[in-house]
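Worksheet for the structure shown next.
The values are calculated or read from the model by the stated rules, or taken from the named source; none is laboratory data. Keep in mind it's a predicted model, so treat the numbers as computed, not measured. Glycine also receives a Cβ, built like all others from the backbone with ideal geometry; neighbour counts cover every protein chain displayed.
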Amino acid sequence: MTKMTYREAVRSGLREALRRDPRVFLMGEDVGRYGGTYACSKGFLDEFGPERIRDTPLSESTFVGAGIGAALGGMRPIVEVMTVNFSLLALDQILNNAATLRHMSGGQFNVPLVVRMATGAGRQVAAQHSHSLEGWYAHIPGITVLTPATVTDARGMLLTAVQEPDPVFIFEHAYLYSMEGEWEDNQPAVDISRAAVRRPGKDVSLITFGGSLWKALAAATDLAQAGIDAEVLDLRVLRPLDIGTILTSVRKTHRAVVIDEAWRTGSFAAEISAQIMEGAFFDLDAPVARVCSEEVPIPYPKHLEDAALPQPDKIVKAVHRLLK
Amino acid sequence: MTTSLTGNHGRDLLRQMLRIRRFEERAAELYQLGKIHGFLHLYIGEEAVAAGSIPLFTNEDAIVATYREHGHALVRGTSMDHLMAELYGKAAGCARGRGGSMHFFDASHRFYGGLAIVAGGLPVAVGLALADKMQGRTRVTGCYFGDGAVAEGEFHESLNLAALWKLPVLFLCENNFYAMGTALARHQSQPDIAAKANAYAMGSDTVDGMDVLAVETATSRALDLVRNGHGPYLLEYRTYRFRAHSMYDAELYRTKEEVNDWKRRDPTATFEQHLRHAQLLCDDDLQAIEALITSEIEVAVAFAEAAPWEPVQDLNKDVSTRQRDA
Ligand SMILES: Cc1ncc(C[n+]2csc(CCOP(=O)(O)OP(=O)(O)O)c2C)c(N)n1
Ligand SMILES: [Mg+2]
């Protein structure tokens with residue numbers, strides 16, 4: 001068991017992927033000389049050289065599209081988009097090409113591409129750098145959407161993703177990069193298909209993913225002091241969704257709170273809520289509740305940013321309302 | 001026009017142009033008959049570009065094209081049967097009928113679409129070429145697009161990246177002077193498209209796209225440069241679409257006179273005349289060519305008519321390789 005930060009875990013996963021397979025290469029803005037916007041590829045340029053660690057111009061649409069082309073051409077590209085906010089410039093390539101080509105070509109072409117990007121708020125970088133749009137991506141058939149919340153997943157999901165035949169999108173919560181976690185050596189390959197129960201409990205299911213996992217766990221600790229035993233589910237994979245694990249949990253606890261850092265309207269939390277209704281309506285003792293971001297562009301000052309985002313105390317309150 | 005043209009080669013170029021022309025004329029009829037639906041963008045008038053350029057690519061090279069790609073796929077070698085079946089939406093189509101007219105795909109000919117987002121193919125072509133370069137292959141990726149694509153950011157991003165990384169991409173711009181109803185001069189501050197390559201330190205050339213031999217000569221020269229490691233190159237073919245943008249449009253944006261002026265330069269008719277003057281084509285030759293094409297089309301239509309539909313239970317097939325979404 002060793003301690004490492006989420007950033008080190010991503011870096012270690014990237015390095016391992018690059019070492020294992022000569023077809024893997026990393027491309028994106030400032031992944032080389034700069035060492036990665038979040039320092040996830042520091043030192044790689046020296047270790048792997050400029051052919052495999054490619055600094056790109058600021059051309060999100062084209063370097064994501066080039067990743068698609070390179071994947072079609074037999075490579076295993078890992079494309080880093082600085083943050084989800086900038087990925088919107090590449091959305092056409094992602095949706096209309098990466099996600100569509102296999103089906104539209106009648107199964108002739110598949111796109112083994114991994115795209116990583118930072119997501120989320122909490123660092124006082126204001127409205128154009130704080131979006132949580134992974135739920136939008138989860139809307140798209142044909143791609144896999146991952147939200148690693150632990151160091152094990154940050155490293156291991158990447159290693160599994162580069163072996164996938166189809167596009168995989170990995171959303172790394174920017175707030176987590178400096179978080180330390182425990183790392184077990186010689187772990188088995190990390191799956192990218194199942195949700196995980198991070199804390200078993202019997203009174204209520206807290207269903208979440210990404211950066212909000214730690215807020216949900218903090219809330220569960222608080223709730224325990226009040227004698228409420230919360231189960232915390234980490235979805236890990238937004239698409240394809242492991243609804244089975246969600247329904248199993250809800251059938252046990254009979255109550256669910258979904259925590260999602262995206263805006264409430266049209267959020268992924270809404271999707272989870274709908275699927276619980278479809279699959280476990282008669283097991284519920286209370287309506288499904290949601291704790292999401294306020295419907296505002298995320299503001300800069302700390303007190304306002306905090307107020308805009310899901311927080312442990314908001315989750316605790318939501319649980320108390322359900323149990324009333 | 002060059003003089004070293006052999007009869008066989010000349011007749012073959014004419015044959016390819018006429019294959020495209022007749023295939024599309026038939027497709028237009030089938031559209032009226034309700035056999036083909038959705039969008040159908042005809043290439044009629046522009047055949048010299050595909051017929052003159054596509055055969056210069058090797059089997060190992062890759063082609064990325066647009067929604068106006070019937071001619072490119074035909075000349076590339078996908079069987080007319082599979083293309084016609086695709087127009088019908090039948091399971092025997094070159095994309096299992098899922099794409100229709102705008103989305104021809106053929107892995108066996110390295111034909112990557114059939115992409116209908118204007119300029120969306122350019123980044124993909126850059127990536128295909130990157131894969132070749134990284135794997136030490138000397139293949140070229142040919143990327144076709146219209147003048148309309150030049151207004152998109154991806155055109156500029158892709159030319160820049162391809163030039164920056166010296167990638168083996170040949171950018172082939174089919175300038176038919178209109179993006180739907182918007183004339184080139186109404187969408188470009190600098191209507192000289194080839195000149196735009198200068199901004200990316202890339203070589204370029206302007207080509208008479210109504211002259212199949214000019215297309216062949218210029219494309220061959222450019223392709224040599226790209227294949228020999230000189231980096232990407234931009235060709236601008238000046239050509240003209242004789243028909244509506246898709247099956248129907250009122251053509252309010254251009255005059256009959258303008259269309260007729262261009263029709264006088266019809267690439268099939270002018271080349272036919274050229275071959276006749278050079279004594280490389282006689283009536284019998286032309287009849288034989290036309291007869292072969294007619295029967296190829298009849299066989300293709302019969303094939304498409306008889307072909308089965310993809311079963312509805314296969315609707316979700318190939319959304320992803322592992323089918324976890326199902
Ligand atoms: C990004 C995008 N915007 C708009 C359209 C709608 N559209 C389809 S074709 C077309 C005109 C494109 O003109 P050009 O690139 O010159 O090709 P041409 O049709 O003349 O062959 C437009 C606007 C589209 N398909 N994609
Ligand atoms: Mg045009």
- Message: Consider the range B:105-142. How many of its residues are more than 16 Å from ligand 2 (Cβ to nearest atom) and either touching a Gly at 6+ places or on another chain (Cβ under 7 Å) or closer than 20 Å to B:Leu234 by Cα (or both)?
- Response: 23
- Message: Is it the case, given these coordinates, that A:Gly122 is surrounded by fewer than 24 Cβ atoms within 10 Å (Cβ to Cβ) and either of a type in the set (Lys, Arg) or modelled with pLDDT of 95 or more (or both)?
- Response: no
- Message: Can you list residue pairs whose Cβ atoms sit under 7 Å apart, with the first residue in the range B:193-205 being within 12 Å of B:Leu172 (Cα to Cα) and the second being of a type in the set (Val, Ile, Thr)? Count only pairs 6 or more apart in sequence or on different chains.
- Response: B:Ile193/B:Val150; B:Ala194/B:Thr206
- Single residue of the range A:248-294 satisfying the filter (more than 21 Å from the chain's Cα centre (by Cα) and among the acidic types (Asp, Glu)) that is nearest to A:Leu238 (Cα to Cα): A:Glu278
- Residues located in the range B:112-162, provided they are part of a loop (DSSP other than H, G, I, E, B), facing chain A (nearest Cβ under 8 Å) and crowded, with 24+ Cβ neighbours inside 10 Å: B:Leu115
- Can you tell me how many residues in the range B:57-94 are within 29 Å of B:Glu216 (Cα to Cα) and not in a helix (DSSP H, G or I)? 17
- Message: Can you find a residue that is among the aromatic types (Phe, Trp, Tyr), more than 16 Å from ligand 1 (Cβ to nearest atom) and modelled with pLDDT of 95 or more anywhere in the range B:195-213?
- Response: yes
- Query: What are the pairs, 6+ residues apart or on separate chains, where a residue within the range B:164-182 that is over 12 Å from B:Phe145 (Cβ atoms) has its Cβ under 6 Å from a residue that is within 13 Å of ligand 1 (Cβ to nearest atom)?
  - Reply: B:Phe177/B:Leu184; B:Met180/B:His245; B:Gly181/B:Tyr253
- Task: Kindly indicate whether A:Leu88 is away from chain B (no Cβ under 11 Å), free of Cβ contacts under 8 Å to residues at least 40 places away in the same chain and surrounded by fewer than 24 Cβ atoms within 10 Å (Cβ to Cβ).
- Result: no
- Among the numbered criteria (1) out of contact with any helix residue (DSSP H, G or I) (no Cβ under 6 Å at 6 or more places or on another chain); (2) of a type in the set (S, T, N, Q); (3) at pLDDT 95 or above, which single criterion is violated by B:Thr321? (3)
- Query: Are any of the residues in the range B:191-206 part of a strand (DSSP E or B) and either within 14 Å of chain A (Cβ to nearest Cβ) or among the polar types (S, T, N, Q) (or both)?
  - Reply: yes
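So that you can scan it fast, the table gives a plain yes or no per residue for (1) assigned by TED's automatic domain parsing to the domain that holds A:Glu16; (2) farther than 30 Å from B:Cys94 by Cβ; (3) not aromatic (Phe, Trp, Tyr):
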site: A:Gly120; (1), (2), (3): yes, yes, yes
site: A:Ser130; (1), (2), (3): yes, yes, yes
site: A:Glu134; (1), (2), (3): yes, yes, yes
site: A:His139; (1), (2), (3): yes, no, yes
site: A:Thr144; (1), (2), (3): yes, no, yes
site: A:Tyr175; (1), (2), (3): yes, yes, no
site: A:Ala189; (1), (2), (3): no, yes, yes
- Message: Quick test for you: out of A:Asp166, A:Asp153, pick the one residue that is at pLDDT 95 or above, under 12 Å from the mean Cα position of the chain (by Cα), among the charged types (D, E, K, R) and in the same structural domain as A:Ile78 (by TED's automatic domain parsing).
- Response: A:Asp153
- Which residues, counting only those in the range B:56-78, are more than 17 Å from B:Ala116 (Cβ to Cβ) and either among the aliphatic types (A, V, I, L, M) or free of Cβ contacts under 8 Å to residues at least 40 places away in the same chain (or both)? B:Leu56, B:Ala62, B:Leu74, B:Val75, B:Arg76, B:Gly77, B:Thr78
- Message: Looking only at strands (runs of 3 or more DSSP E) that lie completely in the range A:124-243, which have at least 3 residues being within 14 Å of chain B (Cβ to nearest Cβ) and touching a residue at least 24 places away in the same chain (Cβ under 8 Å)?
- Response: A:144-146, A:237-239
- Pick from A:Thr56, A:Thr62: which is among the hydroxyl-bearing types (Ser, Thr, Tyr), in the same structural domain as A:Ala17 (by TED's automatic domain parsing) and touching a strand residue (DSSP E or B) at 6+ places or on another chain (Cβ under 9 Å)? A:Thr56
- Restricting attention to the range B:166-174, does a residue exist that is hydrophobic (A, V, I, L, M, F, W, C), over 21 Å from B:Asp224 (Cβ atoms), within 13 Å of chain A (Cβ to nearest Cβ) and buried (at least 23 other Cβ atoms within 10 Å of the Cβ)? no
- Filtered residue count, the range B:206-238, keeping only those that are of a type outside the set (A, V, I, L, M) and either without any contact (Cβ under 8 Å) to a residue 12 or more places away in the chain or over 28 Å from B:Asp132 (Cβ atoms) (or both): 5
